[in-house]
1. Go through region 228-282 and report how many residues are more than 16 Å from the ligand (Cβ to nearest atom), over 28 Å from G114 (Cβ atoms) and of a type in the set (G, A, S).
2. Residues P87, P96, P59: which one is in contact (Cβ under 8 Å) with a residue 24 or more places away in the chain and out of contact with any strand residue (DSSP E or B) (no Cβ under 8 Å at 6 or more places or on another chain)?
3. Considering region 116-133 alone, what residues qualify as being touching a residue at least 40 places away in the same chain (Cβ under 8 Å), surrounded by fewer than 22 Cβ atoms within 10 Å (Cβ to Cβ) and not basic (K, R)?
4. If I filter region 81-115 down to residues being surrounded by 14 or more Cβ atoms within 10 Å (Cβ to Cβ) and aliphatic (A, V, I, L, M), which single residue comes out as farthest from C189 (Cα to Cα)?
5. Would you check which residues across region 296-315 are surrounded by fewer than 19 Cβ atoms within 10 Å (Cβ to Cβ) and within 23 Å of I62 (Cβ to Cβ) and list them?
6. Limited to region 67-82, what total is found for residues that are assigned to a helix (DSSP H, G or I) and touching a strand residue (DSSP E or B) at 6+ places or on another chain (Cβ under 7 Å)?
7. Does region 277-291 contain any residue that is within 17 Å of the chain's Cα centre (by Cα), buried (at least 17 other Cβ atoms within 10 Å of the Cβ) and under 21 Å from V220 (Cα atoms)?
8. Would it be correct to say that L57 is among the hydrophobic types (A, V, I, L, M, F, W, C) and either assigned to a loop (DSSP other than H, G, I, E, B) or within 29 Å of F132 (Cα to Cα) (or both)?
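The values are calculated or read from the model by the stated rules, or taken from the named source; none is laboratory data. As the structure is a prediction and not an experimental result, all values here were calculated from the model. Glycine gets a Cβ as well: all are built from the backbone with ideal geometry, and neighbour counts include every protein chain shown.
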Amino acid sequence: MPKQDPMDRSHGFLKKNLETMLHKKRIEYLNQKLRGIAQYAYRNSVAFKNKMDSIGLKPRDIQTIKDLEKIPITKKIELMELQKKNPPFGGFEGVPITEMRRIYISPGPIYEPGEAEYDELGWAQGMYAGGFRSGDIAINTFSYHMVPFALQMVDNSLHMIGCISIPMGVGNTEQQVNVLKNLKANAFCGTPSFLLNIAEKAEEMGLDFKKELNLRVGFVAAEMLSESLRSKLEEKFGMIIRQTYGTADMRCLGYECMKKNGMHIPDDKIVEIVDPQTGKQLGPGKTGEIVATTFNKVYPLIRFGTGDLSVLTETPCPCGRTSPRLLKILGRVDQATKVRGLFVHPSQADEVASKHPQIERFQVVVTRKEHKDEMEFRIELREEIPQPEKLKEEIEKSIRDVMKIRSDVQFVPRGTIPDGSRKIEDQRTWD
Ligand SMILES: [Zn+2]
């Protein structure tokens, strides 16, 4: 009989006592955590104290998840405004700057307090549920500089599980393939599209995927993963790929288990699905904005609106985890969308257009070809111009400057873009 794999990737839990709590016990557990962080944040985060005081709330008014409804949702734009008024963190930090280990910078720019002592339970739970096991050797291909994801979140989570991390960062596809081969790395952390780039490069280099590469598990984030791309990559490499969802400020908010049954909410957050207009909590099965509360004392964001839309389910998952699950990310409240892993906001498109008075009307169209995002800036000009190619180049440059992303620019005849159309038209399908 062949020897059994010492690393059974399909069963088990990272924190069984938390992940299999019965519903009632989980609610009690989260309520207790909530009371703790509400008191802590009121004492230590100026922004939270001001918010509570402005509506006459005291920490003792926040006893249960239902009580969260009393607190107005903090939106990213408000965070950015408060950071400008009260730099660098807008009073959202929960410790003095001298007690932070790192400071991160996300597009905006938004300055984020980096944790001194805080484990990344959520992402680690996601990695474990996705088949990562102690002893795995992982290439981490997320960006290590400025933003917190690769260094703070992914690297720490690998360490928590007992995996060995190879801090590759973004790009250098050929080198990534060589590292996979030479170090027999069996785990991948990165975006699905970058894993596809690696597959294409390895093919180009003439490698035998099953013999010369050893990938077994993939932890992907920052982009939507379509089922067709998942199965293509899983088959090519002979690996398991599971996706996770989260944001820079909130960390992990959902992860897939082996059953691919939506995304389990990790045990270090409270996630509400709310009506974006009223802020009231919606029950399972209803579409609303994902609003989250962390228990992170360095950066205690309470009732932070992600701007993402989803639906929650509480039906049992056959994997044995009892946490509720986000069924799918259904888009953005504010029409922003993610292209090649980066957020593209309607306001950014406006900013690009405002730099070029020749533009009468525009629309950004996002499509997907062979598992890759494509973006096109369709523009109606005010009048015919002598050197359209030159203007095209200038607009392409503005797009790169403002949106940090490459896009095609297409001049279309006047009247092509319909009245009242969306500024960003997402035509991608994810099947
Ligand atoms: Zn499950």
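1. So the count comes out to 4.
2. Working: P87 fails: out of contact with any strand residue (DSSP E or B) (no Cβ under 8 Å at 6 or more places or on another chain); P96 fails: in contact (Cβ under 8 Å) with a residue 24 or more places away in the chain.
Matching residue, one of P87, P96, P59: P59.
3. Residues satisfying the conditions are A116, Y118, D119, L121.
4. L82
5. E314
6. Start the filter on region 67-82 by keeping residues that are assigned to a helix (DSSP H, G or I), which leaves 67-70, 76-82.
Okay, now just the ones that are also touching a strand residue (DSSP E or B) at 6+ places or on another chain (Cβ under 7 Å), so 68-69, 76, 79-80.
So the count comes out to 5.
7. Yes - at least one qualifying residue is present in region 277-291.
8. For L57, the condition - among the hydrophobic types (A, V, I, L, M, F, W, C) and either assigned to a loop (DSSP other than H, G, I, E, B) or within 29 Å of F132 (Cα to Cα) (or both) - is met.
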